[in-house]
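Presented below is the structure to which this report refers.
Taken together, the values in this text are just the output of simple stated rules run on the coordinates, not laboratory data. All values reported here derive from a predicted model rather than from experimental measurement. As a convention, Cβ positions derive from the backbone with ideal geometry for all residues, glycine included, and neighbour counts pool all protein chains shown.
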Amino acid sequence: MPLYQVGLIRQTRVARGTSLFEFTKPARFLFRAGQAVDVVLPQKSATQKMSQTFSLVSAPSEKTLMVAMRMRESAFKKKIGKLRVGDRVAIEGPFGSFGLDNDAKTSAVFIAGGIGITPFISMLRETFSLFRKAKPSEKIFLFYSNRTEAETAFLEELRGYAGRHNNFIFVPIFSALSGRINKKILKKEIGKVQNQIFYIAGTLSFVTDMREIVLALGVQEDNIKTDEFSGY
């Protein structure tokens, strides 16, 4: 798999405990919205490798590469958090098949838990970039679960999309106030489940729970796509 050298442009706090890292984009780096990369940090020994997998936040049409992560006390997170502007890291990829089915003439239902929002940000940025002059014909629902509003990354960006696009239905859920996403919430917003495609991203436990809820709504297995995150 190709390995690209990129430089840090900036690090930005996008929510409590979550940072966005923006890197230069190699000239021939191509990817699809929803795909992931390995970020490889420089090590003193060539035999050692410190890397972690992240979904790209940036859209394919953007001029830089962006990843976002919860900042924890792991060795990787401590080291990447100390990077300065201009420092070099390696990007390996892209890979993964999690992405929006642009050929489907049906609504898309995104269900994100925490930092599982990242592939959906890429998809939404690309979708609304492509449809600046003509709106997509089908609805896009986003159910986005976090413990509190302060911990909700990209909240203002998502509220902006909802304000500008009538076909985008954004439902933020703060579990500290109202509990997690459940069957009742989904059914209230979506209405009758027909041929919608459901996309679920987050921790393995979140994806497993949400998948069971979606199946209970009567959604067919073939209409559910998942992306499990690990190594928070």
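Compute a Gaussian network model of the chain, connecting alpha carbons closer than 10 Å, and tell me which residue from 177, 56, 65 fluctuates the most.
Between 177, 56, 65, it is 177 that shows the largest mean-square fluctuation.
What list do you get for 58, 19, 175 if you sort them by fewest beta carbons within 10 Å?
By the 10 Å Cβ count, ascending: 175, 19, 58.
At 222 nm, what value in deg cm²/dmol follows for the chain if DSSP H runs of at least 4 each add -39500 (n - 2.57) and the sum is divided by all its residues, to the nearest 500?
When only DSSP H runs of four or more count, the value is -6500 deg cm²/dmol.
Pick from 123, 50, 71: which residue has the top mean-square fluctuation in a GNM of the chain where Cα pairs under 10 Å get a spring?
Looking only at 123, 50, 71, the biggest GNM fluctuation is shown by 50.
State which entries of 25/82; 139/187; 49/225 exceed 19 angstrom in Cα-Cα distance in the structure shown.
Beyond 19 Å: 25/82; 49/225.
I want the antiparallel fraction of DSSP beta bridges within the chain, as a percent rounded to 5.
55 percent
Rule-of-thumb check for the chain: C-alpha Rg over 2.2 N^0.38 Å?
Against the empirical 2.2 N^0.38 Å value, I get 1.02 for the chain.
Around residue 62, under 11 Å between beta carbons, what's the net of Lys plus Arg minus Asp minus Glu among the other residues?
Local charge sum for residue 62: +1.
Return one number: the angle in degrees, 0 to 90 and rounded to the nearest 10, between the long axis of the Cα atoms of helix 155-164 and the longest principal axis of the Cα atoms of the chain.
Orientation of helix 155-164: about 50 degrees from the principal axis.
Under 10 °C and 1.306 mPa s, how fast does the range 3-95 diffuse according to Stokes-Einstein, given a Kirkwood radius computed over C-alpha pairs? Answer in µm²/s, whole number.
Estimated diffusion coefficient is 118 µm²/s.
Which ordering of 22, 156, 138 is given by a fewest-first count of other beta-carbon atoms within 10 Å?
156, 138, 22
Measure out, as a whole number of angstrom, how far apart the alpha-carbon centroids of the range 134-189 and the range 1-77 sit.
Result: 25 Å between the Cα centres.
In which sequence would 186, 155 go, from the one with the fewest C-beta neighbours within 10 Å to the one with the most?
In order of increasing Cβ crowding within 10 Å: 155, 186.
Which of 112, 68, 90 ends up with the largest GNM mean-square fluctuation for the chain, with Cα atoms connected below 10 Å?
Of 112, 68, 90, the most mobile in the Gaussian network model is 90.
Once the Cα atoms of helix 118-130 and of the chain are each reduced to a long axis, what angle between those two axes, in degrees from 0 to 90 to the nearest 10, is obtained?
That helix lies at roughly 70 degrees to the long axis.
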